[in-house]
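A short worksheet on the structure shown next.
The values are calculated or read from the model by the stated rules, or taken from the named source; none is laboratory data. Only a predicted model underlies this, so the values are computations on that prediction, with no experimental measurement involved. Glycine also receives a Cβ, built like all others from the backbone with ideal geometry; neighbour counts cover every protein chain displayed.
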């Protein structure tokens, strides 16, 4: 996992070394109870990515996946950044000063 701090948005990337997701299954995998593999291959309910996508979208962001079969997957969460005004505290508690 890595996080990137861009000017107007934050990006969190989560990568795995699993079996990967075929191109035609990449968008459907975000649906409720959808899975990229058959139930006998990997456990789970198929609701995790659905929940993640809904939460991220409620915050004005988006979730993307880059994957190919046999290569694993990278999920990217992009969230809009918050502009902190001079004198306000950011999420770490740091006070921003005018440049």
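In this structure, does residue 37 turn out to be more than 22 Å from residue 78 (Cα to Cα) and either modelled with pLDDT of 90 or more or surrounded by 13 or more Cβ atoms within 10 Å (Cβ to Cβ) (or both)? Considered against the rule, which asks whether it is more than 22 Å from residue 78 (Cα to Cα) and either modelled with pLDDT of 90 or more or surrounded by 13 or more Cβ atoms within 10 Å (Cβ to Cβ) (or both), residue 37 comes out as yes.
Consider the stretch 10-29 and keep the residues that are closer than 11 Å to residue 63 by Cβ and out of contact with any strand residue (DSSP E or B) (no Cβ under 6 Å at 6 or more places or on another chain). The one that is surrounded by the most Cβ atoms within 10 Å (Cβ to Cβ) is 29. Screening the stretch 67-78 for residues that are surrounded by fewer than 15 Cβ atoms within 10 Å (Cβ to Cβ) and free of Cβ contacts under 8 Å to residues at least 60 places away in the same chain and picking the one that is nearest to residue 17 (Cα to Cα) gives 71.
Going by the conditions given, is residue 49 modelled with pLDDT of 75 or more and loosely packed, with under 13 Cβ neighbours inside 10 Å? Walk me through it before giving the result.
Details: modelled with pLDDT of 75 or more: yes; loosely packed, with under 13 Cβ neighbours inside 10 Å: no.
So residue 49 does not fit the description; no.
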